[in-house]
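Peer 1: Please read through the structure below; I'll follow up with questions.
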Amino acid sequence: MATRDHIKEVITSEPILNKLVTLIADAIMDRVSQNIYQALNHDIAAKENEVFALKKKVKDLEKSLAGVRNIQEEQEQYSRRKSLRIYGIPEKQNEKTDELVRGVVKEHLDIELGLSDISRSDRITTKSRPGARSTEGPKPLIVKFSTYNTKRAVFDAKARLRGTRIFIQEDLTQHRRELINAAKQKSTVKRVWTNDGKITALLSLPGSHDRKITIRNSRDIERLE
């Protein structure tokens, strides 16, 4: 009996009670912490799945948007298939640009254009860009021909303009002009030209033969290094 009372007295003493309370509290907190940790992990995993799904959706939307932009750009370039830009034709007061174009084409390219061969022509103002050919002097002319074949004949004869201050380029979209200017900045590029809106760069690398690369986008520009 005395032993039982002694044990009871020891257990109910303040130090022992404090220790028991601490142990119980630690056990409860540990269990609560585990539950909270599991709940948080579950919530974090769910949120990560949501973020992954959203990222995938954004990437899919970006691809779709890029596809739409490519289609629009292709359509815009196709709408310019009958047009050329002619640089270096001196400006005149009260000028008639159709007549100027017909005169230059006849004199330098030996091509006779009828009145109906030019749909319209206008002077344009261009902004200078890094790598672009200088356009100081007369404003360039944009000429839309009545037929693609007429435009093609004039463009194919442009080599006869060598030695003059006049040169001819295809009427390209803003995007394609930017790609050309970017390509010209690359030290490995010897020459860049276009044909029906298709951009081609002649690439020269040490220890290898020159090769042609078709440029469609900025990723192709990176391949020029």
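Peer 1: Label K106 and Q34 with points 7 Å out from Cα along Cα→Cβ: what is the distance between them in nm?
Peer 2: In this crude spin-label approximation the distance works out to 9.9 nm.
Peer 1: Measure up K158/K212; K151/K190; K184/K212 against 25 Å on the Cα-Cα distance and list the ones that go over. Write out the running numbers ahead of the final one.
Peer 2: On the way: K158/K212 21 Å; K151/K190 27 Å; K184/K212 14 Å.
Cα-Cα > 25 Å for K151/K190; rest within.
Peer 1: How much length is gained if the chain between H209 and K190 is pulled fully straight, taking 0.36 nm per residue apart and subtracting their Cα-Cα distance, in nm to one decimal?
Peer 2: Numbers: separation 19, 0.36 × 19 = 6.84 nm, distance 1.22 nm.
Gain in length upon complete extension: 5.6 nm.
Peer 1: What whole-number value in cubic angstrom gives the convex hull volume per residue for the C-alpha atoms of the range 142-225?
Peer 2: In the range 142-225, the Cα hull volume divided by residue count equals 121 Å³.
Peer 1: Per residue, how big is the convex hull of the range 46-194 when only Cα atoms are used? Give it in Å³.
Peer 2: 155 Å³
Peer 1: Still on this structure: Add +1 for every Lys or Arg and -1 for every Asp or Glu among the other residues with Cβ under 12 Å from the Cβ of K82, and state the total. Numbers along the way, then the final one.
Peer 2: Working: positive: R80, R81, R120, K144, K151, R152; negative: D117, E170, D171, D196.
Around K82, the surrounding residues sum to +2.
Peer 1: Right, another one. Within the range 35-94, how many lysine pairs that are 8 or more places apart, or on different chains, have C-alpha atoms less than 28 Å apart? Working shown, then result.
Peer 2: Details: K47/K55; K47/K56; K47/K57; K47/K59; K47/K63; K55/K63; K82/K92.
The result is 7.
Peer 1: While we're on this one: Could you check the spin-label model distance between A53 and Q72? Points 7 Å from the Cα along Cα→Cβ, value in nm.
Peer 2: In this crude spin-label approximation the distance works out to 3.0 nm.
Peer 1: In the full protein assembly as shown, how much of K186 is accessible to a 1.4 Å probe, in Å² to the nearest 10?
Peer 2: About 50 Å², ignoring ligands and nucleic acids.
The values are calculated or read from the model by the stated rules, or taken from the named source; none is laboratory data. This structure is a prediction, so every number in the text was calculated from the model and none was measured. Don't worry about glycine lacking a Cβ; one is built from the backbone with ideal geometry, like all the others, and counts go over all protein chains shown. Accessible surface areas use protein heavy atoms only, side chains included; no ligands, DNA or RNA. Shrake-Rupley method; radii C 1.70, N 1.55, O 1.52, S 1.80 Å.
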